[in-house]
Amino acid sequence: MEERTKKIEYQNARAEVFCFDAGTEVKEYHVMIHASSALVTFEAQLEAVMTAYTELLEQLPGKPQAVFKRYFLSDAANQADHVIVSDMTDCAKSIIEQAPLDGTKVAMWVYLMTNVATSLTGNGLYKVSHGQFHHLWNGSAHNLAANSEYQTRLLFNEYNMQLLEEGCTLADNCIRTWLFVNDIDLNYGGVVRARNQFFFTQGLTVHTHFIASTGIGGRQQDPNVLSQMDNYAIGGLQPEQRHFLYAPTHLNRTSDYGVSFERGTYIDYADRRHVFISGTASINNKGEVMYPRDVVKQTHRMWENVEALLNEAECSYDDVAEMVVYLRDIADYQTVRQLYEERFGDKPFVIVLAPVCRPGWLVEMECMAVKAQQMPDMPAF
C-alpha cells in the first residue's frame with residue numbers, strides 16, 4: 001500500500017499527492033501542484049508546474065491518466081491562452097482566474113485514475129470509462145449572452161443537450177457543478193435565477209433533489225464572460241447508488257434562502273464511496289452568517305460544517321482527497337494558510353482569491369473524499 005498523502009519537491013515547484021488504492025483495478029490520485037518561486041515570469045512558473053506534473057506521472061504506479069485538470073491563474077486575460085497552447089494533454093480542463101494566494105501566478109489541481117479508457121465525445125464532453133460507467137467531465141463552458149442570467153441559462157441548456165446525447169439527464173446523472181461568476185457581488189443573482197428556473201423545468205425542486213455545486217467568484221479571460229461552468233456526470237448510475245447530504249444540526253436547506261444546490265452528495269460503488277462536498281462556509285442551520293468579520297472563527301465553523309457532512313457519509317477528514325479554499329480578502333491568507341497547514345499537513349489543498357457569494361462570508365471551502373468499502377450489492381467501479 002502506498003503512502004496515502006505526501007509532498008514532493010521539484011525544481012521551482014512542489015506537489016501534494018493523495019493516493020486511493022482499494023486493492024482493486026482503479027487507483028485514484030488527487031494532486032495539487034504549486035509554483036514555488038514567485039520571482040520568475042508566468043511562463044517560467046507554468047513550465048515548472050508542467051514539468052513537475054510530467055515527472056510525477058513517471059513516479060506514480062499504474063500509469064495513471066488525467067481525467068480532469070483545473071488551472072488557477074492570477075491574470076487570465078494574459079495567461080489563459082498560454083496555458084491552452086502549452087498543455088495539449090487529453091483530458092477535461094478548467095482554466096479560471098482565481099489567483100493562488102501564495103504570491104505565485106499559477107497552481108494546478110489534477111485528478112488521475114489508472115486502468116480507464118478515455119475519449120472525447122462528439123459534443124465536447126470528456127468520457128472516462130471503466131466497467132459499466134462512463135464518467136463525463138467538462139471544463140470552462142461559457143458563452144457571450146447579454147447578462148449572467150442569460151449566460152447561465154444557455155450553459156445549462158447546452159449541458160442538458162450534451163447529457164441527452166450521451167443517454168443521460170441532468171436530474172439522474174449530473175453529480176457536481178461549479179459556477180464561476182465574474183464580479184459575483186453584482187452577477188450572482190442572475191446565475192441563481194437562471195439555475196432555479198432551469199432546474200424547475202427538469203424536475204429538480206425542493207421536493208426531489210438538487211445538485212452539489214460551488215458558486216464562487218472567478219474570471220474568464222474574456223471579461224464579457226460573466227458565468228463559466230465545469231461539471232461532472234456519471235452515465236450508467238443507478239438510483240440506489242446516489243445519496244444526498246444535509247447535516248441538519250449544522251446547515252439548513254439551500255432552498256430556504258432561494259438557491260438550489262445540495263450541500264453534498266455521495267456515490268456508492270462495490271469497493272469505494274465518492275463524496276462531493278459543495279462550497280461550504282460559516283453558516284448555521286438557520287442560514288445565518290456565523291462570526292462576521294472574524295476569519296479564524298469562520299474557518300473553524302466552516303470546518304465543523306464540512307465535518308458534519310462528511311460524518312453523515314460515514315467519512316472523516318482522513319478520507320478527503322483534495323480541498324480548494326476561497327478567500328474574499330487577500331489579507332486573510334497568512335492566517336488561513338497557517339490554520340490549514342497545522343490541521344491538514346501534506347493533504348492537497350490550494351488557497352485562492354475568490355469572493356464568496358455573500359459578502360459576509362470571508363472564507364469558503366469545497367472538497368472531494370473517497371473511502372474504501374465492501375458493498376457487494378453495489379456495482380463495481
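The values are calculated or read from the model by the stated rules, or taken from the named source; none is laboratory data. Nothing here was measured: the structure is a model prediction, and the numbers come from that model. Using ideal geometry, Cβ is built from the backbone for each residue, glycine included, and neighbour counts are taken over all protein chains shown.
For every residue, the table says whether it meets (1) buried (at least 16 other Cβ atoms within 10 Å of the Cβ); (2) in a strand (DSSP E or B); (3) of a type outside the set (S, T, Y).
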position	(1), (2), (3)
V306	yes, no, yes
L310	yes, no, yes
E314	no, no, yes
E322	yes, yes, yes
Q338	no, no, yes
V352	yes, yes, yes
P355	yes, no, yes
E366	yes, yes, yes
M375	no, no, yes
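Among the residues of segment 51-80, which ones are over 20 Å from the mean Cα position of the chain (by Cα) and either of a type in the set (K, R) or under 23 Å from L125 (Cβ atoms) (or both)?
K63
In segment 212-245, which residues are assigned to a strand (DSSP E or B), surrounded by 18 or more Cβ atoms within 10 Å (Cβ to Cβ) and of a type in the set (A, V, I, L, M, F, W, C)?
Correct list: A212, I216, M229, A233, I234, L245.
Please specify each residue of segment 198-218 satisfying the condition of being under 21 Å from D75 (Cβ atoms) and in contact with a helix residue (DSSP H, G or I) (Cβ under 6 Å, 6 or more places away or on another chain).
Answer for segment 198-218, where residues must be under 21 Å from D75 (Cβ atoms) and in contact with a helix residue (DSSP H, G or I) (Cβ under 6 Å, 6 or more places away or on another chain): just G217.
Out of the residues in segment 246-271 meeting the condition of being in a loop (DSSP other than H, G, I, E, B) and either among the polar types (S, T, N, Q) or in contact with a Pro (Cβ under 7 Å, 6 or more places away or on another chain) (or both), tell me which one is nearest to F200 (Cα to Cα).
So in segment 246-271, the residues in a loop (DSSP other than H, G, I, E, B) come out as 246-253, 258-261, 263, 269-271.
Next cut, either among the polar types (S, T, N, Q) or in contact with a Pro (Cβ under 7 Å, 6 or more places away or on another chain) (or both) only: 249, 252, 260, 269-270.
On the way: T249: 27, N252: 20, S260: 10, Y269: 29, A270: 33 Å.
Ranking the candidates gives S260 first.
How about segment 37-46: which of its residues are in contact with a helix residue (DSSP H, G or I) (Cβ under 9 Å, 6 or more places away or on another chain) and buried (at least 19 other Cβ atoms within 10 Å of the Cβ)?
Hit for segment 37-46 is L46, nothing else.
If I filter segment 26-35 for residues that are assigned by TED's automatic domain parsing to the domain that holds K7, closer than 26 Å to V370 by Cα and in a loop (DSSP other than H, G, I, E, B), do I get at least one hit? Give the steps one after another, and end with the answer.
Step one: list which residues in segment 26-35 are assigned by TED's automatic domain parsing to the domain that holds K7, which gives 26-35.
Adding the requirement that they be closer than 26 Å to V370 by Cα leaves 26-34.
Subsequent filtering for residues that are in a loop (DSSP other than H, G, I, E, B) retains 26-27.
Yes, segment 26-35 contains at least one residue that is assigned by TED's automatic domain parsing to the domain that holds K7, closer than 26 Å to V370 by Cα and in a loop (DSSP other than H, G, I, E, B).
Is it the case that segment 143-150 has a residue that's closer than 22 Å to R219 by Cα, aliphatic (A, V, I, L, M), in contact with a Leu (Cβ under 7 Å, 6 or more places away or on another chain) and at pLDDT 95 or above?
Among the residues of segment 143-150, at least one is closer than 22 Å to R219 by Cα, aliphatic (A, V, I, L, M), in contact with a Leu (Cβ under 7 Å, 6 or more places away or on another chain) and at pLDDT 95 or above, which makes the answer yes.
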